[in-house]
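Here's the structure we're looking at; comments come further down.
Just so it is clear, none of the values below were taken in a lab; they were calculated from the coordinates. Since the model is a prediction, treat every value here as computed from it, not as a measurement. Cβ: placed from backbone, ideal geometry, glycine included. Neighbour counts: every protein chain shown.
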Amino acid sequence: MSQTPPPKPTRGDYWRHLFAHWPADLGKSGAVVTELNEPVRFVDFAVSGGLLLLQRDRPDTTGARKVFISYDAISSLKLDDPGELERYRTMGFQPPAGASAG
């Protein structure tokens, strides 16, 4: 009897992992872009199993300062950090194979 292979990670699983393993020395500000192409600016965040909680520095048009968003609804992440790409190695990012070390 063959075993069923484990399910492949979803897009949301990758986002959850990234936010859950955020390095302490990396600022927690930027913008999450939703799959509806809506940018949500944030200055801090908190993680849970299925939702990301974003803190805004000023209220949106409805007066809200907190946004709960499903990891599966995240399309991209924009960061305010001006640091070098080297900082992101702790998050698992590496130069492409064959790239010269800079």
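Using a Gaussian network model of the chain in which every pair of alpha carbons under 10 angstrom is joined by a spring, one finds that among Leu52, Leu77, Leu85 the greatest mean-square fluctuation is at Leu85. Backbone amide hydrogens, once placed in the peptide plane, bring Ser29 within less than 5 Å of Asp80, excluding anything fewer than 5 places away on its chain. Think of each Lys and Arg Cβ as +1 and each Asp and Glu Cβ as -1; about the Cα centre, that makes the dipole of the range 11-79 roughly 160 debye.
Comparing Ser70, Ser48, Ser29 in a Gaussian network model of the chain (Cα springs below 10 Å), the most mobile by mean-square fluctuation is Ser48.
Would you kindly state how much longer the chain becomes between Ala24 and Gln3 on full extension, computed as 0.36 nm times their sequence separation minus their alpha carbon distance, in nm to one decimal? Write out the running numbers ahead of the final one.
On the way: separation 21, 0.36 × 21 = 7.56 nm, distance 3.94 nm.
Length gained, Ala24 through Gln3: 3.6 nm.
Here the alpha carbons of the range 1-70 define both size measures, Rg and Dmax, at 15.3, 57 Å.
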